[in-house]
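See structure below.
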Amino acid sequence: MSAWIDISQRLDEHTPVWPGDTPFSYRIRWHKEDSGSVNVGQITMSTHTGTHIDAPFHFDNKGKKVIDLDVNIYIGPARVIHLSNPKKIGIDELQQIDLNGVTRLLIYTGAWTNRNTFPETIPYIDPPLAPYLRKYGIRLIGVDLPSVDPLTSKRLPAHHELHRCGIHILEGLVLDHVPPGDYELAALPLPLVNGDGSPVRAVLRKMK
Ligand SMILES: Nc1ccccc1C(=O)C[C@H](N)C(=O)O
Ligand SMILES: [Zn+2]
Ligand SMILES: [Zn+2]
């Protein structure tokens, strides 16, 4: 069996966040010296920092919260594909790629390689791609980008169309060190009862 490899963004005070969103912070709230027994940390962060999933409630007030999402979506076979710096990610860009039997699709674009700053512009998912992916049976899409829509988008058409097609969203993957191919994925959200999104620890291992 191959080893699991980490495809998650490291979280510390340098981790870039969506412009205006809560900075990431971890601090020791109780020091061992003071408590007499343990260090106890405190995390403050946006639910959309680093590698994370979006729950439908993120973009739809009536949408499911994180606790309502099926854990089976986030564990299982996944295909990693590479696109070379696409402007958008649409049916045309995926035309040459075999998606038969794929249930989880992770897309490397290379558009966000400097993970110390938030990108200025990103490729986005062209909404008609959602029904195209669903036709193959895809239930999860993952990207190495902070959003599946353009950064300036308010209507979030890709988020909505993916959701309408039953495709779950995983953002902020780090795939620079992952060759295209078939893997097993685990990227479980926290059991946040009211969550609109959740950080995940995303890992892959090669399927033989
Ligand atoms: N954190 C934000 C703060 C303000 C406005 C948008 C965001 C987002 O995160 C949107 C992005 N499409 C996302 O799903 O992660
Ligand atoms: Zn998000
Ligand atoms: Zn999103």
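Things worth noting here:
- A simple spin-label model places pseudo-atoms 7 Å from Cα toward Cβ; at Asp21 and Ile97 they are separated by 2.2 nm.
- HN-Hα J in Hz across segment 125-140 - Karplus 6.51, -1.76, 1.60, θ = phi - 60°, x for Gly and Pro: 6, 6, x, x, 5, 4, x, 4, 5, 5, 4, 7, x, 6, 10, 9
- Fewest-first sequence of Asp196, Asp34, Asp54 by Cβ atoms within 10 Å of each Cβ: Asp34, Asp196, Asp54
- Residues Val38, Val178 arranged by fewest to most Cβ contacts within 10 Å: Val38, Val178
- Ranking of Met45, Met1, Met207 by count of other Cβ atoms within 10 Å, fewest first: Met1, Met207, Met45
- The lysines within cross-link reach of Lys88, meaning a Cα-to-Cα straight distance under 21 Å and a gap of 8 or more places when in the same chain, are Lys135, Lys154.
- Unit charges on C-beta of K, R, D, E only; dipole of segment 93-135, Debye: 220 debye
- Based on Cα contacts under 8 Å between residues 6+ apart, the chain shows a relative contact order of 31 percent.
- Value of [θ]222 nm, deg cm²/dmol, for the chain, DSSP H segments ≥ 4, -39500 (n - 2.57) each, nearest 500: -2500 deg cm²/dmol
- Gained length - Lys88 relative to His177, 0.36 nm times residue gap less alpha-carbon distance: 29.8 nm
- Overall form of segment 99-208 per C-alpha gyration tensor (a/c, 1.5; a/b vs b/c): rounded
Rule-based calculations on the coordinates, nothing more; no lab input. In this text, all values refer to a predicted model and were calculated from it rather than measured experimentally. A quick note on method: Cβ atoms are made from the backbone with ideal geometry, for glycine too, and the neighbour counts reach across all protein chains shown.
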